[in-house]
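The values are calculated or read from the model by the stated rules, or taken from the named source; none is laboratory data. Since the structure is predicted, the reported quantities are computational estimates derived from the model, not experimental observations. Positions of Cβ are generated from backbone atoms using ideal geometry, with glycine treated the same way; all protein chains shown enter the neighbour counts. Please note that ligands, DNA and RNA were not included when accessible areas were found on the heavy atoms of the full protein model with its side chains. Shrake-Rupley method; radii C 1.70, N 1.55, O 1.52, S 1.80 Å.
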Amino acid sequence: MSGTRLDRAAIKQLTLAVAAGVVASGAAIALTVTSAWLISRASQRPPVLTLTVAVVAVQAFALARSVFRYLERLVSHDAALRVLATMRVTAYRRLERLAPAGLPAFRSGDLVSRLVADVDSIADRWLRIVLPYTTAAVAGAGTVCFIALLLPSAALVLAVSLVVAALVAPWAAGRAARQAERRIAPRRGELAVASLDLLQGCAELVAFGAAEAGLERADAADRALAQAESRSALGRGIAAAVTALAAGTAVWASLVLGVPSVRSGALSGVALAVVVLTPLAAHEVFGALAPAAQQLPRINASAARVQAVLQQPDPVREPAAPQPAPSPPYDLRIEGLSARWDPGGPDVLRGIDLTVPAGRRVAIVGPSGVGKTTLAMVLLRFLDPSAGRVTLGGADITTLDGDTVRTIVGLCAQDAHVFDTTLGENLRLARREATEEQIRSALRRAGLLDWVEGLPAGLDTDVGDFGVRLSGGQRQRLSLARVLLADFPVLVLDEPTEHLDEQTADELTQDLLAATEGRTTLLITHRTSGLQQVDEIVRLEAGRLAGVQRV
Ligand SMILES: Nc1ncnc2c1ncn2[C@@H]1O[C@H](COP(=O)(O)OP(=O)(O)O)[C@@H](O)[C@H]1O
Ligand SMILES: [Mg+2]
């Protein structure tokens, strides 16, 4: 469990929390013990002086219980938050290494829930399971030993009843809850579907006079869900009943076992009060365990989901000792390159050879699905070659750190993401310290400057979620401006004109070829028109390079 392992500081804090918890629980139990002793001893009317120690002890235990409980909460929550922070960072690091090639295995909404809710519930494992159980085990063992000194048979009963409360109760409740959960999940889905249909299809339902039937369907789904949920409450009820039964049995059994011992003189009457009342205090500590332990199946499922992300294999192997970045000129050579997405699957690219001397611009054309984006991913070092190699300025890119390669090779991706912020911020993403002049120049070359200057808010204009306030052409030009601003020596443009109409596509192609003049450029496209300005057109067919056409 590499990602969920604890660091030294967290272990220290958790140990401290357990210690504080043990003292708090011990004090709570000792409070009952001394109170029981005090009350029964007082009934014998001894000289008051003989009771003072017990009176002071009761006060001390009462204070200690609260103070140490507070300390336990403080330290354990601090530790849990620390564990949480480390785990989130580990998960994000992993995602960074996986993106983009290793992520299609997960759906994005699902990935968000893995990162937020599931990581949260792993911290719960420490806070709600490991800590309380450890604390209870130590405090319980101490109490059983103490009772064993007075009446061994009662200690045995107490031990068994504590095990029942800690393990049997949550197990029985868990079984009931699992059965109910199996019925609840599909019913919750039915209710969601029925409600959504009502909301989205409202106009049609009313127009066709079907609203009543729709409402009835939602109502029936709601009732079915409520029924299933009340059954799941049965699980919690069972746990509460078993816990109470265990505590009650321990008290009664201590009494039944203790009375004969008092009669035979083996146990004093005052000690009997202690033997009978102590199980109540011990069970108060153990009573909190069952409700938390019922969460265990959910917590384990969450842990498994986080592990699945952490253990996803790397799409690229970073070199153990990365070479320093090569120096310009960055001639790009692709030699016998094959690549595949699925380690056991077929090659998507098969034996590709291509040389692009620095400053040359090559268009790679081919229909959808032949592997054009795959080639871009290999060049950006998001995917390892399965055979052959790619060199950049003479250096094999697999000997370089991925980030180093990506400071030299820039990608204007197919469907590049536009962030929900201002135009200016979307551009500065490429280069934090860009000056106004550099930004204007990038915008001019991308053919956006006139438009931006015509906007009332200029660069401070918000683009909206996923850039909805931009037209398709403007969004592509913004992505182009972004890579131009970043000033990469080698540019890979993946389908920059996708989803655009013919005329806009041709205009954008002209503009981007003008903007990339003199820069090593691979223009990947399925369109063959408007490519007069490139130095070479290469056709990719079914993973192979076919027919190299010189312009
Ligand atoms: N991230 C990915 N994971 C798995 N397979 C992929 C991935 N991207 C592309 N492929 C597969 O690789 C093949 C080539 O796809 P791609 O390189 O996107 O083609 P193009 O860009 O030419 O349309 C397709 O069969 C596609 O299913
Ligand atoms: Mg593609």
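Below are the figures for this structure:
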{"read-out": "Over the chain, volume per residue of the alpha carbon convex hull, in Å³", "value": "246"}
{"read-out": "Heavy atoms of TRP341 accessible to a 1.4 Å probe, total area in Å² rounded to 10", "value": "110"}
{"read-out": "Mean residue ellipticity (222 nm) of the chain, computed from DSSP H runs ≥ 4 via -39,500 (n - 2.57), nearest 500", "value": "-19500 deg cm²/dmol"}
{"read-out": "Options LEU531, PHE419, ALA434, ranked by Cα towards positive dipole end of segment 332-550, top entry (Cβ charges)", "value": "LEU531"}
{"read-out": "Extension reserve of the VAL56-ALA148 stretch, reckoned as 0.36 nm per residue once the Cα distance is removed", "value": "30.6 nm"}
{"read-out": "Dipole moment magnitude, nearest 20 debye, segment 332-550 about Cα centre, only Lys, Arg, Asp, Glu C-beta charged", "value": "620"}
{"read-out": "Gyration tensor verdict on segment 322-374 (Cα atoms; rounded if a/c is under 1.5, prolate if a/b is larger than b/c, oblate otherwise)", "value": "oblate"}
{"read-out": "Heavy-atom accessible area order for LEU98, LEU205, LEU310, largest first, 1.4 Å probe", "value": "LEU205, LEU310, LEU98"}
{"read-out": "Mean-position separation - Cα centroids, segment 343-395 and segment 163-197, in angstrom", "value": "50"}
{"read-out": "Relative contact order (%) - criterion: Cα under 8 Å, at least six apart; region: segment 8-310", "value": "29"}
{"read-out": "Of VAL83, ALA233, PHE382, farthest towards positive along the dipole that unit charges on Lys, Arg, Asp, Glu beta carbons give the chain", "value": "ALA233"}
{"read-out": "Solvent-accessible area, 1.4 Å probe, carbon plus sulfur percent, for the chain", "value": "60"}
{"read-out": "Kyte-Doolittle at least -1.0, axis length at least 18 Å by Cα - qualifying DSSP helices, the chain", "value": "8-42, 52-98, 131-150, 169-200, 211-264, 269-286, 296-310, 472-486, 502-515"}
{"read-out": "Whole-number percent relative contact order across the chain, with pairs defined as alpha carbons under 8 Å at least 6 apart", "value": "14"}
{"read-out": "Sequence ranges 60-73, 129-142, 281-294, ranked by mean other-Cβ count within 10 angstrom, highest first", "value": "281-294, 129-142, 60-73"}
{"read-out": "Relative contact order %, segment 386-492, counting alpha carbon pairs below 8 Å whose residues are six or more apart", "value": "41"}
{"read-out": "Assigned charges on the beta-carbon of Lys, Arg, Asp, Glu; segment 148-237 dipole about Cα centre (debye)", "value": "620"}
{"read-out": "Viscosity 1.306 mPa s, 10 °C: Kirkwood-radius Stokes-Einstein D of segment 332-550 over Cα pairs, µm²/s", "value": "89"}
{"read-out": "Highest average packing first - 315-326, 400-411, Cβ atoms within 10 Å", "value": "400-411, 315-326"}
{"read-out": "Span from the segment 448-482 Cα centroid across to the segment 225-271 one, whole angstrom", "value": "71"}
{"read-out": "Given charges at Cβ of Lys, Arg, Asp, Glu: the chain dipole, positive-most of THR32, ALA17, VAL119", "value": "THR32"}
{"read-out": "Rounded to the nearest 10 Å², the accessible area of THR15 at probe 1.4 Å", "value": "80"}
{"read-out": "TYR330 - accessible surface, heavy atoms, 1.4 Å probe, Å² rounded to 10", "value": "40"}
{"read-out": "Where the chain is the region considered: accessible area per residue in Å², 1.4 Å probe", "value": "50"}
{"read-out": "Dipole magnitude of the chain about its Cα centre (Cβ charges: Lys, Arg +1; Asp, Glu -1), debye to nearest 20", "value": "2960"}
